[in-house]
Each structure stands twice: as C-alpha cells, then as structure tokens.
Amino acid sequence: MINYVTAGESHGPQLTGILTGLPAGLTLDIDAINAGLAARQGGFGRGNRQQIEHDVVTVTGGLRHGVTLGSPLALTIQNRDHAHWSAIMNPTSPATAENTLRQVTRPRPGHADLVGGMKYGHRDLRNVLERSSARETAMRVAIGQICKQLLAQLKIQLVGYVQQIGTITVDDAASLSVEALTTAITANDLRIADQQQVAAIHDLITTTKKAGDTLGGVIRVVATNVPAGLGSYTNWDTKLDGQLAAAVMGVNAMKGVEIGDGFAAAGRYGSQVMDEIDWHADTGWSRLTNHLGGFEGGMTNGMPIIIKAAMKPIPTLYKPLQSVDIQTKAVQKASVERSDTTAIVPASIVVESVVAIELVKALTATFDGSNLARLQATLAAYRSELQAY
Ligand code: EPS
C-alpha cells in the first residue's frame, strides 16, 4: 500500500516528500506534475508570495530513466523565498539576536499559532506557523499528481474544482464529465465551471481584499470509473468514505466534508435518497441516480465518487482581530503576516490531490501494487468479474 510523509517549513530551504509503495513501471510525466504545482500557485485572490516562488519538483530517488523502480520516491521542491529568510530560518546555525528577528507573539485567531505554541512549548510562534502554513500543500500536490497519473493508467479520472466562493455559489455543472469539467474550469483563474460568474467573483475578492478581509468557499471533487468494492463495510476503520473524509479534512482550513448529497440527504425521505439499482449486459451494475456519491457501506459502488469540502476563510487578516500577546498578556491586535485573500482555488487542487492519494492507497491495499502492468491486468480481470456478477 502506498504511503507518504512530507517535511519542510514555509520559509525553510525546501519541501521534502517521500512516497512509498508506488508500483514499478510507471513512467512519470514530470511536466504534468509541474503543471499541477503551477496551477496550485495560481488563482485569483493569491498574495505576493507566489510571485517569488516557481514550484518545480526534483526527483532524487525511486526513479530511473523516468520510470518508477518500486522503491521509495524522494521528492523536493525549493522555497525560493528562503533566500530572504536564510538567517532566520537557518536549520543548523545556533540562535542569535540577529537570526531570531521577526518573532511572532500575537497569535492569529483561527490559525494554529496559539494552540501549537501551547502544545509544543514554543515562545516564538513562527515555529508553529512555518509548518502549519499551507506552503506544505505544494508537496501534497506533487505526490497527488503522481497518484493521478497512476489512476489514469488504471482508467480512473478525477478533478477538483471550486463550487462556491464566499457567498457566491457557482453552477456546478454536475452533469459534465471529468474531461468537460477540466476544460471548463481551466478556462478561468477561479477553477469554476461557469464562465459567466467569473467577473462577479473577481469583484467580490477585490472588494474583500480592500476591506482587509478574507474568503472561504466550497470545493467539489468528482472521480469516475472507480471500480466497486474499494474499502470495506467489515470494520469502521476500513470504510473508504471515512478515510477520504479524513484526508480531505486534513487539508489546511477545511471545516466540513460531504459525500454525495451529504447534509441535504438528512432532510429528505429515503425514497428520494437511495439510488435504484440497474444492470446491463454490456456495462454491468449501476445506479439510476447518485445521491450517495458513489458509496454504500463505506465501499465504492462503481458510481462517480462525489466529495465536497467546506473551507473556512484564511485566518490572516490585514484588518486584524483581537489577540493577546503571549509574552506580555496584553490584549492586542493579532499579528499580520503576508497572506492570500482567498486560497480556495489552490485548495481545490490540493483536495483533488489528496483524494487521488487515498484512491491509490485503497487500490494498492486491495490489489498487488508491486508492478504497474500486473496491477492493470489484475484490475481489468476484477472489473470483468464484477460486470458478470
Ligand atoms: C500562508 C501564508 C503565506 C502564503 C502561504 C500560506 O505565506 P507568506 O507569508 O510566505 O506569504 O503565501 O502559502 C504558500 C506559501 C503557498 O505556497 O501556498 C499561511 O500562513 O498558511
């Protein structure tokens, strides 16, 4: 089964990622990984940091002549901004008066600052915010885009996009295929499906920025052609919808996750929520609707997986809220770090990426994932078996 870990601080030298359990024989498209990283850097509403960074991945292990070896894949992404922080964020030089400037002592409400400091005993909250920063999600995107490439080899497609920004809900084009959705959302800088709403949302973000405030939103991920039977009903912790929810909630600033109709289903009759069963000789089993978002009993049922995530607004406000200085205990305004007005656009790629990772995890937990050709053959046989069931 694949697994991964990331390391690195926002203004440290680099981000590092190790991805284990990837099948041997996968040809990596490095340009496509970098395109995913570039997409994560973009989006209307981003702050100035992204003008400094130019995220590209370097592979230093687990790959030979562009093809995975089955050994751990070692990845790095440089933090260009480290050049401006090389003394303050130096990993090895001892602390001095000069290299401990820019201390953070006024925690931002809604950020990890205060509780992180309390838990780890840091008196400079920079030690918390450097790692809790969403900068880390660049590496999750690199790993997720690799998983997306593997999924494509297994004929599984997915896309994450923006369905709501602040108060504006976008026509989610739920009936479009992953391919059509990808075309629609990459035609604008908001990753939304409806081009008609771009101008109004730009206005909302610009006005919010001028007011020193921030915005959240809703992200939707759809994954198609996922075989039925991933995950298991046999124990609570083997339910794949639960594992996906945990991975999505693990993305910075997420406060809610829905599968299918989610909370709306709670207020409807059973007859309006259950998806009626159908079978055809050429296509096998399906459901007439997909209110349950591709899951029954914690297992994929072969219908498209639909996951939504609610992102809270960015906690760093240029018009800061009340805080308390951790040294003096005086009530003061929270500290202001350079930040984004909204990160909903990049977050939609991050959520897409973590869903891709969990799907590959489930596939490699279910089938032998040592070698890509064998995995493809095993999955093809499994799909045929399901169709005939
Ligand atoms: C972030 C604050 C900002 C964002 C950062 C996340 O960083 P900085 O203070 O360096 O401008 O730009 O996001 C990224 C660096 C990124 O690559 O997404 C935060 O506090 O979480």
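FYI, it's all coordinate maths here, none of it is from the lab. Computed from a predicted structure; not experimentally measured. Cβ sites come from the backbone with ideal geometry, for glycine too, and all protein chains shown count toward neighbours.
Just a few scattered comments:
- Projected area averaged over orientations for segment 245-340, convex hull of C-alpha atoms, nm²: 10.2 nm²
- Cβ-based exposure ranking for R126, R102, in which fewest neighbours within 10 Å come first: R102, R126
- Residues considered: A211, A223, A362. Largest GNM mean-square fluctuation over the chain, using C-alpha springs under 10 Å, is found at A211.
- Computed over segment 214-286, Cα set: Rg, Dmax in Å: 15.4, 52
- Distances between placed amide hydrogens fall under 5 Å for G62 paired with A74, all partners being 5 or more residues away or on another chain.
- Listed by Cβ neighbour count within 10 Å, with the fewest neighbours leading, L15, L114 appear as L114, L15.
- Gaussian network model of the chain, Cα within-10 Å springs - most flexible of Y318, Y120, Y161: Y120
- Taking each DSSP H run with n ≥ 4 as -39500 (n - 2.57) and averaging over every residue of the chain yields -9500 deg cm²/dmol at 222 nm.
- The chain: DSSP helices with Cα axial extent of at least 30 Å and average Kyte-Doolittle hydropathy no lower than -0.5: 344-366
- Segment 280-291 - phi-based ³J(HN,Hα) in whole Hz, Karplus 6.51/-1.76/1.60, Gly and Pro as x: 9, 4, 7, 10, x, 7, 8, 10, 6, 9, 9, 5
- Put in order of Cβ neighbour count within 10 Å, fewest first, the listed residues E385, E358, E337, E276 become E276, E385, E337, E358.
- Segment 66-134 and segment 317-362: distance between their alpha carbon centers, rounded to Å: 14 Å
- 24 Å Cα cut-off, lysine pairs counted over segment 263-389 (separation 8 or more, or different chains): 4
- 5 angstrom amide H check on K239, placed H, neighbours 5+ away: S232
- As a calculated quantity, the FRET efficiency between K255 and I168 at R0 = 22 Å, using C-beta atoms, amounts to about 0.75.
- Using bins of 10 Å that start at zero, the share of Cα-Cα pairs per bin across segment 3-388 amounts to 5, 21, 30, 25, 14, 4, 1, 0, in whole %.
- Taking the Cα atoms of segment 289-389, the ratio Rg/Rh between the radius of gyration and the Kirkwood radius comes to 1.24.
- Burial ranking of peptide ranges 57-66, 39-48 (average Cβ count within 10 Å, highest at the top): 39-48, 57-66
- Per-residue 3J(HN,Hα) values for segment 54-65, derived from phi via the Karplus relation 6.51 cos²θ - 1.76 cosθ + 1.60 with θ = phi - 60°, read 9, 6, 9, 8, 10, 9, 10, x, x, 9, 9, 6 Hz in sequence order (x marks Gly and Pro).
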